[in-house]
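The values are calculated or read from the model by the stated rules, or taken from the named source; none is laboratory data. Note that the structure is a prediction, hence the values are computed from the model and not measured. Note: ideal-geometry Cβ built from the backbone for every residue, glycine included; neighbour counts use all protein chains shown. The protein model used for the area step is the full one, side chains on, heavy atoms only, and it has no ligands, DNA or RNA in it. Shrake-Rupley method; radii C 1.70, N 1.55, O 1.52, S 1.80 Å.
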Amino acid sequence: MDTEGRVVRLDSLSKILCPGLRLGFLTAPKQLGDILELHMQEIMLHPCAIAQTIALSYFQELGPEEFRSVGREVASYYEQQRDVTLAALDKHFTHLGTWTKPKAGMFIWLTLDGFEDTTSLFDAALENGVAFLTGSSCQTSKTSPNLRISYSLLPPDQIEMAVARLRKTVEDAKEKISLKYDRICKFENGMVNEKCCKKATFKYENVCKKLKSTAEDNNQYMTPVDMDGIKGVTLTGPVTLKVE
């Protein structure tokens, strides 16, 4: 493929041969490969010698065709796992967000509607018996409405159960915010501002501590109030809210 010596390819054995075999390999022009090898030696000396010995013995005994066969089997397995997970998301999450449909790999990237950050959902998810990787762990931003789920290990029936538990976690968080919002986001005449409700975005940490409001134009204003000990605002027009 590369006829000009400009392509560098990185591969991993841990997702194909064995999850615990934390080995990768690099294909690159020799001049660049030699430099990267020296850089790696400076950082970590070398990968695990035992893992390298196992991988070497595998290739010496079985050869490249067997390796290709294993790769095809693994790809087929992940494809089935992916399809089960996507079906579970279609069943449980269509009203809660959007997600990717990967062509390879073992992860799906979710974007939740109405969330500024998913970090505060993590502990609640663990209490409900499910785990995920927060979007901010995969990005440079401090907050993210995204989360990453893996379908590599669980059998199909448990994938369905896990997605249902994640849905409950998200819905419980939305309900918690909704109850607070119904008490705070009101006009002075006591009517809930429906437009404001639809536009509100919330950060699910320290919900009752502080409420900030930003008006859409200079003609709107806000009056501090205190409802049952919860600091809030009485609104005179549609605004975007953030709970911090």
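Data table
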| item | result |
| --- | --- |
| Dimensionless Rg ratio for the stretch 38-105, taking C-alpha atoms and the 2.2 N^0.38 Å reference | 1.75 |
| Residue-level accessible surface for residue 106, protein heavy atoms, 1.4 Å, Å² | 20 |
| Tensor-based shape of the stretch 71-147 (alpha-carbon gyration tensor, a/c under 1.5 rounded, otherwise prolate or oblate) | prolate |
| Solvent-accessible ranking of 50, 149, largest area first, probe 1.4 Å | 50, 149 |
| Net charge contributed by nearby residues that have their C-beta within less than 14 Å of residue 70 (K/R +1, D/E -1) | -2 |
| Heavy-atom accessible area order for 2, 123, largest first, 1.4 Å probe | 123, 2 |
| Translational diffusion coefficient (Stokes-Einstein; Kirkwood radius from C-alpha pairs) of the stretch 1-159 at 25 °C, 0.890 mPa s, in µm²/s | 130 |
| Ordering of 67-78, 165-176 by packing [mean C-beta count within 10 Å, highest first] | 165-176, 67-78 |
| Label-to-label distance, nm, for residues given as residue 54 and residue 91 (7 Å Cα→Cβ offset) | 3.4 |
| Modelled FRET efficiency - R0 35 Å, residue 164 with residue 41, Cβ distances, 0.05 increments | 0.15 |
| Whether the stretch 111-151 is rounded, prolate or oblate, judged on the alpha carbon gyration tensor where a/c under 1.5 counts as rounded | prolate |
